[in-house]
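The values are calculated or read from the model by the stated rules, or taken from the named source; none is laboratory data. The structure displayed is predicted, hence computed values, not measured ones. Here the Cβ positions follow ideal geometry from the backbone for every residue, glycine too, while neighbour counts run over all protein chains shown. For accessibility, only protein heavy atoms count, side chains too; no ligands or nucleic acids. Shrake-Rupley method; radii C 1.70, N 1.55, O 1.52, S 1.80 Å.
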Amino acid sequence: MASPPPALEILVREPDGCTVWSGPPYPPGTTTPPQRLPKTACSATSFSTDGARLLATVASASATVYDCRTLAVVKCFELPGLLAAALSPTGAYLQTFQKSSSPQEKNVTVWHVDSAAALYQHYQKSMSKATWPMVQFSADESVACRMMPNEIQFFDPKDFAKGILYRIRMPGIATMQLATAPGSHVAGFVPEAKGVPASVQIFSCNKDTQNQVVARRSFFRCSTVQLHWNKGSTGLLVLVQADVDKTNQSYYGETKLNYLTTDRAFEGIVPLKKDGPVHDVQWSSSGSEFAVVYGFMPAKATIFNKKCNPLVELGEGPYNTIRWNPKGRFVVLAGFGNLPGDMAFWDYSEKKLVAKTKAECSVTSEWSPDGRHFMTATTAPRLQIDNCIKIFDHNGSLQFKKMFERLYQADWKPEVPERFSDIADLTTSLSTLKIEETKKQVSAQGSKSAQTASKAPANTAPKPTAYRPPHAKGSAELQDKLFGGLAPAGGEMSKNALRNKKRREKQKEKKAAEASGSPADES
């Protein structure tokens, strides 16, 4: 017997601490979901990639690791001068960065969470978002590496005491990204210098072939890059950003999207059909397709296969964000940040638009692990007012909303998507629902017409019904909502409707009499 799917949970952080909510669906009228974790003081929180453990830190003081099944404390680390902390993908290791007064004082530490043992330490002068965490792990934690000046160094995660096992030489390296599922390859970025173009190079993590370049791409006018590996570690998307747009078309600089494969089947620029910046890019959960939002407003959205051929065009609109649900079926296009919050829900399997709605002033957004709910959050410090959480169904309908005086963070607890059933048996797109409703109504109208025809004279032609557009053919419940619940109850007619009905019946009798050649009975 298959085990039941895990329950959804949401991490919520406010000024006075964080808590963990039980996730949707919620009963109607729910204002505050049940809390699984009492509010706990902290300055930052994050889950391990697999959702097994939760990390809560207090700036310059401590890091506490929780077991997400029981939400009991696994270990608490007292860390004076703590500046940053991160869990490894399965939560087995904790990496911390502390203030340091001298190079002799090693300030980056990899801890074994269960034993609280310091497995590895080194000194790091500074830390940035692009270089943290210093040590990167593959999803199964079988590969671990770090970037140092001019090289990438590899460790044995099961025994950090062995030290550096081997190195990949990359003079001038500024950014690296380890492929995680599996940890078979690593990519490094070398900025432009002294007339030599910038480049991204891919290397194998195999010890015997680690210094052989698997793929390489060079480009000028490049300040920074974003590196996006797919699941399967076969393709790498490189979003190249330049601070200045030489065409003077964009105040925010210039962006180009490059694509490299580990089998060298493709090394080049992704063929985008509209000029302008690349706003967002995301791989599907299978790693076989990627979606891109690009171009001057209204932006265009296209889905490509792993051979970089366009598969589906999702149209144009005020969008700068794309989110692919973990089951790979639904895609949300959205316009957040300085855009008004338009959202378009697409059914990728049916290649059709499901619904359009809005989530104004959203800062963060993400699908639930089961792919059935889409959560947006308006958070500080980006916005200081109207902080809130909104949860939409996969068809775009708003299911839950909660306002906060101040909200800093709202995240789903990660889960493996395969642990949840597909939505195919529980949902259809809105257009399919309309078709089914129309069929039911046509069937009902047909049966009524048949009954009327059996009573009418044989030579009387059936009266054609007035045309009603598909969007007007709603259910009785929808009609009730449209008319504000003012429709006559119990099927009773108003006086005007009754008078009009009698007039129509007399006209019908008159026409029937004329057709049979006998004078109509006038009253």
(message) Report the Cα centroid-to-centroid distance between region 174-195 and region 5-83 in angstrom, as an integer.
(response) 32
(message) Can you find, among Met170, Tyr259, Ile202, the residue sitting farthest towards the positive end of the charge dipole of region 164-292, where Lys and Arg contribute +1 and Asp and Glu -1 at Cβ?
(response) Met170
(request) May I ask you to compute the full-extension gain from Glu405 to Asn338, defined as 0.36 nm times their residue separation minus their alpha-carbon distance, rounded to one decimal in nm? (result) 22.0 nm
(message) Just to confirm my numbers, what's the Cα centroid distance between region 145-160 and region 257-295 in Å?
(response) 29
(message) Give me the percent relative contact order of region 274-419, please, defined on Cα pairs under 8 angstrom at least 6 residues apart.
(response) 14
(message) Check which residues have an amide H placed less than 5 Å from Asn387's amide H, if you skip close sequence neighbours.
(response) Phe404
(request) For every other residue with a beta carbon closer than 15 angstrom to the beta carbon of Pro298, add +1 if it is Lys or Arg and -1 if Asp or Glu, then tell me the sum. (result) -1
(message) Among Thr321, Asn305, Thr379, which residue has its Cα furthest toward the positive end of the charge dipole of region 274-419, with +1 on Lys/Arg Cβ and -1 on Asp/Glu Cβ?
(response) Asn305
(message) Taking θ = phi - 60°, what integer Hz values does the Karplus form 6.51 cos²θ - 1.76 cosθ + 1.60 yield along region 176-190, in sequence order, with x for Gly and Pro?
(response) 9, 8, 7, 5, 10, 9, x, x, 8, 9, 9, 10, x, 10, 10
(message) For Ala215, what residues show an amide H to amide H distance below 5 Å, using hydrogens built from the backbone and excluding near sequence neighbours?
(response) Ile202
(request) Please say if region 274-419 is rounded, prolate or oblate, where rounded means a/c under 1.5 for a ≥ b ≥ c the square roots of the C-alpha gyration tensor eigenvalues, and otherwise the choice is prolate for a/b larger than b/c and oblate otherwise? (result) oblate
(message) What figure, in Å² to the nearest 10, do you get for the accessible area of Tyr408 with a 1.4 Å probe and non-protein molecules left out?
(response) 80
(request) Calculate one ³J(HN,Hα) per residue across region 77-84 by plugging θ = phi - 60° into the Karplus curve 6.51 cos²θ - 1.76 cosθ + 1.60, and present them in order as whole Hz with x for glycine and proline. (result) 10, 7, 9, x, x, 5, 10, 7
(message) Suppose accessible area is computed on protein heavy atoms with a 1.4 Å probe; arrange His122, His112 from highest to lowest.
(response) His112, His122
(request) Mind listing the long-range amide H neighbours of His373? Cut-off is under 5 Å, sequence gap 5 or more, other chains count too, H placed in the peptide plane at 1.01 Å from N. (result) Ser368
(message) With equal scatterers on the alpha carbons only and no solvent term, can you work out the Debye log10 of I(q)/I(0) for region 242-352 at 0.13, 0.17, 0.18, 0.21 1/Å?
(response) -0.49, -0.83, -0.92, -1.18
(message) I'd like the Karplus ³J(HN,Hα) series for region 330-338: coefficients 6.51, -1.76, 1.60, θ = phi - 60°, whole numbers in Hz, and an x wherever there's a Gly or Pro.
(response) 10, 10, 10, 9, 9, x, 10, x, 8
(message) Taking a virtual spin label 7 Å from the Cα of Val312 along the C-beta vector, which residues in region 326-351 bring their backbone nitrogen under 14 Å of it?
(response) 326-333, 344-351
(request) On the full set of protein chains, 1.4 Å probe, figure out the accessible area of Glu267 and give it in Å² to the nearest 10. (result) 70
